[in-house]
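Asks: Structure in structure tokens, see below.
The values are calculated or read from the model by the stated rules, or taken from the named source; none is laboratory data. Fair warning: this is a prediction, and the values are worked out from it, not measured in the lab. In this analysis, Cβ positions are derived from the backbone assuming ideal geometry, glycine residues included, and neighbour counts consider all displayed protein chains.
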Amino acid sequence: MTLTGTVDRVTSQADKIARFRELHVPGRPLVVANPWDVGTAKLLVSAGFAALATTSSGHAATLGRLDGGATRDEVLAHAAELVSAVEVPVSADLENGFGHTPEAVAATVTDAAATGLAGCSIEDYTGDPDTPFYDLPHAVERIEAARAASDLVLTARAENFIRGNRDLADTIARLQAFQEAGADVLYAPGVSRPDDLRSLLASVDRPVNVLVRPDMVPVAQLAEWGVARISVGGAFNQAMIGALHHAARELLDEGTYGFLNLAAEGRTQIAKAFG
């Protein structure tokens, strides 16, 4: 199995956009890591990731908030920090564009492009649990506005599955409409069953991103099916928090120091990435 991408030195924003776009090769998936601060961005590039993407939940966790709890200004400042910290392309999770109208989405994408990003994502989730999804015509207008606002690699997200609506037909219809609206990459986080993934991949003509899930087939199988990008979302951040919680409980409850073995590995990686 061959994965797309090596860590190349690219400097201008135009170069990063072009590089990010060319890394999306169906069958040779770009595996993207999702850092949540400057340190983790540098560590993940040191580990060999060819591109990065922000995580809304991971970033919110650094602020002591739940997913979706960061403000527009905080998200854009966070994106700018990561872009300035690493030389690989960075894409930003812009959630629903921090506004319901196409004009609001366009303004957010314009401001995001000014940070030096190579890509961004816009989702069709309203944030209102009573009416969670924009109706399709309006959702399409929002993607069209994002497309017109910049030449960033645009990922359009259909949020059905990850928000509890496991309607594959509607999800595919949305992705097909987003494709026609100008999205470069299509993404339906939460779709993980093999039959669902194969149906989705066969139904669209743009690179598809998948989010790793506990029941997901291995990367090699996703590559064979034609996936172009694989991301972890907030999972790395959550794994770090889980490790921290276990270390804290060991010290407080057991009075032992087994966590120092993992700390030694951490020191090694810090020296490698930051030295």
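Asks: Please find, within region 1-33, the residue that is nearest to Gly226 (Cα to Cα) out of those that are modelled with pLDDT under 95 and in contact with a helix residue (DSSP H, G or I) (Cβ under 7 Å, 6 or more places away or on another chain).
Replies: Met1
Asks: So, Gln221, is that one among the polar types (S, T, N, Q) and more than 26 Å from Thr110 (Cα to Cα) or not?
Replies: yes
Asks: Now, a different point. Report the residue count in region 205-244 for those that are under 21 Å from Leu262 (Cα atoms) and of a type outside the set (A, V, I, L, M, F, W, C).
Replies: Number of matching residues: 4.
Asks: Please give the number of the condition Leu94 fails out of (1) surrounded by fewer than 24 Cβ atoms within 10 Å (Cβ to Cβ); (2) within 19 Å of Leu152 (Cα to Cα).
Replies: For Leu94, the failing item is (1).
Asks: Identify, from the list Leu82, Leu23, the residue that is of a type in the set (A, V, I, L, M, F, W, C), crowded, with 22+ Cβ neighbours inside 10 Å and over 26 Å from Leu244 (Cα atoms). Let's see the steps before the verdict.
Replies: Values: Leu82 fails: over 26 Å from Leu244 (Cα atoms).
Exactly one residue qualifies, and that residue is Leu23.
Here is a yes/no grid of residues against (1) loosely packed, with under 13 Cβ neighbours inside 10 Å; (2) in a helix (DSSP H, G or I):
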| site | (1), (2) |
| --- | --- |
| Phe236 | no, yes |
| Ala247 | no, yes |
| Leu251 | no, yes |
| Thr256 | yes, no |
| Asn261 | yes, yes |
| Lys272 | yes, yes |
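Asks: Kindly state which helices (runs of 4 or more DSSP H) lie completely within region 118-228 and contain at least 1 residues that are in contact with a Pro (Cβ under 9 Å, 6 or more places away or on another chain) and buried (at least 22 other Cβ atoms within 10 Å of the Cβ).
Replies: Passing ranges, in order: 136-149, 219-225.
Asks: Across region 15-45, what is the total count of residues that are without any contact (Cβ under 8 Å) to a residue 60 or more places away in the chain and either outside the structural domain of Gln221 (by TED's automatic domain parsing) or not aliphatic (A, V, I, L, M) (or both)?
Replies: 3
Asks: Can you name the condition, by its number, that Leu200 falls short on among (1) at positive phi; (2) in contact with a helix residue (DSSP H, G or I) (Cβ under 8 Å, 6 or more places away or on another chain)?
Replies: So Leu200 meets the others, but not (1).
Asks: If you don't mind, another one. Pick out the one residue from Thr110, Thr101 that is surrounded by fewer than 18 Cβ atoms within 10 Å (Cβ to Cβ), of a type in the set (Ser, Thr, Tyr) and within 27 Å of Asp37 (Cα to Cα).
Replies: That would be Thr110, the only listed residue that is surrounded by fewer than 18 Cβ atoms within 10 Å (Cβ to Cβ), of a type in the set (Ser, Thr, Tyr) and within 27 Å of Asp37 (Cα to Cα).
Asks: Say whether the condition of being in contact (Cβ under 8 Å) with a residue 40 or more places away in the chain and touching a helix residue (DSSP H, G or I) at 6+ places or on another chain (Cβ under 8 Å) is met by at least one residue in region 120-127.
Replies: Yes, region 120-127 contains a residue that is in contact (Cβ under 8 Å) with a residue 40 or more places away in the chain and touching a helix residue (DSSP H, G or I) at 6+ places or on another chain (Cβ under 8 Å).
Asks: Next question, about the same structure. Restricting attention to region 79-102, which residues are over 17 Å from Phe20 (Cα atoms) and of a type in the set (Ser, Thr, Tyr)?
Replies: Thr101
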